[in-house]
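The values are calculated or read from the model by the stated rules, or taken from the named source; none is laboratory data. Just so we're clear, the structure is a prediction, and the values are computed from it rather than from any experiment. As a convention, Cβ positions derive from the backbone with ideal geometry for all residues, glycine included, and neighbour counts pool all protein chains shown. Protein only, heavy atoms only, side chains kept; ligands, DNA and RNA dropped before computing areas. Shrake-Rupley method; radii C 1.70, N 1.55, O 1.52, S 1.80 Å.
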Amino acid sequence: VLVEKTLFDLRYPIWHTDNISMHNIEMSINCRAPMWYSNNIRINNSKLNCVKGLRECSEINIVNSNVNSSEFAWKCKDIKVFDSSLTGEYMFLDCKNIYVENIEFNGKYSFQYVKDLVIKNSKIMTKDAFWHAENVVVMDSYIKGEYLAWYSKNVKFVNCTIEGTQPLCYCEGLILENCRMINCDLSFEYSDVEATIDGDVDSIKNPKRGHIECGKNTKLIFEDSKYDFDGDIKLV
């Protein structure tokens, strides 16, 4: 199916569809739950203002598009997004095998319960992102939000700037390589972490195990007698 220069203003237009390409299309706010149970979806140079835009779909490719959709892309797999802007709450919930490059994202509760996610060269403005996520790599990106990546497993940040309160708590296998942390207080609580941080961290509280290198003015808080930190923190 090939769709071009078309306005979708109705409910449920693309269900159980295989091999559909859409170029220069627009989905209005009335276009509710438009793409469910479909496979091999190609979207280019389009505006998606729909609600619950994708659900249980696979092989999704979005390029040069603007997405403003609450609950977008739930329980989907094999997703690629390039050169696009995305806005909405609970995006990519419980999705698998996602590749994102050069995007701007705004919205709360993003990337929860995802598995196998790569983000490159992007700006992520969010809250409660990456909760319970597994196998995530974020490279050359800026991430701002509260309570980042709690309860996650095997999440890695490379050459990133992270901003916001109480990030990266209750994590397993957390890695930060050459990252900056701005306005990050009470970081790494009860986390298993290997981190090299360029500059100070506002405060680090009760990390569980690992090795952390950061600026010499970082405040260290150890106040829980139930946990003895198994590792070292180097202030340079």
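Write down the Kirkwood hydrodynamic radius of the range 30-125, to one decimal in angstroms, obtained as one divided by the mean of 1/r over all alpha carbon pairs. Intermediate results must be reported in sequence, preceding the final value.
Values: mean 1/r = 0.0787 Å⁻¹.
Taking the inverse mean of 1/r over all distinct Cα pairs, the range 30-125 comes out at 12.7 Å.
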Label-point gap, in nm, between Asp185 and Asn121 - each point 7 angstrom along Cα→Cβ: 3.6 nm
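Given R₀ = 35 Å, what would the calculated FRET efficiency be for Lys47 paired with Asp202, taking r from the Cβ atoms and rounding to 0.05?
Details: r = 39 Å, r/R0 = 1.12.
Efficiency at R0 = 35 Å is approximately 0.35.
Using a 1.4 angstrom probe on the protein heavy atoms only, line up Arg32, Arg180 by accessible area, largest first. Could the numbers behind the result be given before it?
Details: Arg32 85, Arg180 110 Å².
Order by accessible area, largest first: Arg180, Arg32.
Around Lys216, what is the net charge, scoring Lys/Arg as +1 and Asp/Glu as -1 over all other residues with Cβ under 13 Å from its Cβ?
Numbers: positive: Lys219, Lys234; negative: Asp198, Asp200, Glu213.
So the surrounding residues net to -1.
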Extent of the range 69-117 along each principal axis, from alpha carbon coordinates, in Å, largest to smallest? 21, 19, 12
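For the range 140-236, give the magnitude of the charge dipole about the Cα centre (Cβ charges: +1 Lys/Arg, -1 Asp/Glu; no others), in debye to the nearest 20.
Details: 11 positive and 18 negative charges, 9 e Å.
So the magnitude is around 40 debye.
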extent check for the chain: Cα max minus min per principal axis, descending, whole Å, gives 59, 28, 24
When only C-alpha pairs under 8 Å and at least 6 residues apart count, what is the relative contact order of the range 1-133, in percent? 15 percent
State, as an integer percentage, the relative contact order of the chain based on alpha-carbon contacts under 8 Å between residues 6 or more apart. 8 percent
How much length is gained on full extension from His211 to Leu7, taking 0.36 nm per residue of separation minus their Cα-Cα distance? 68.1 nm
Volume per residue (Å³) of the convex hull spanned by the alpha carbons of the range 127-177 is 55 Å³
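If you average the sequence gap of Cα pairs under 8 Å that are 6 or more apart and divide by the length of the range 116-160, what percent do you get for the contact order?
Numbers: 102 pairs, mean separation 19.1, N = 45.
Value for the range 116-160: 43 percent.
Could you compute Rg(Cα) / (2.2 N^0.38 Å) for the range 120-224, with N its residue count? Spell out each step's value before the answer.
Numbers: Rg = 11.9 Å, N = 105, 2.2 N^0.38 = 12.9 Å.
Scaled against compact globular proteins, the figure is 0.93.
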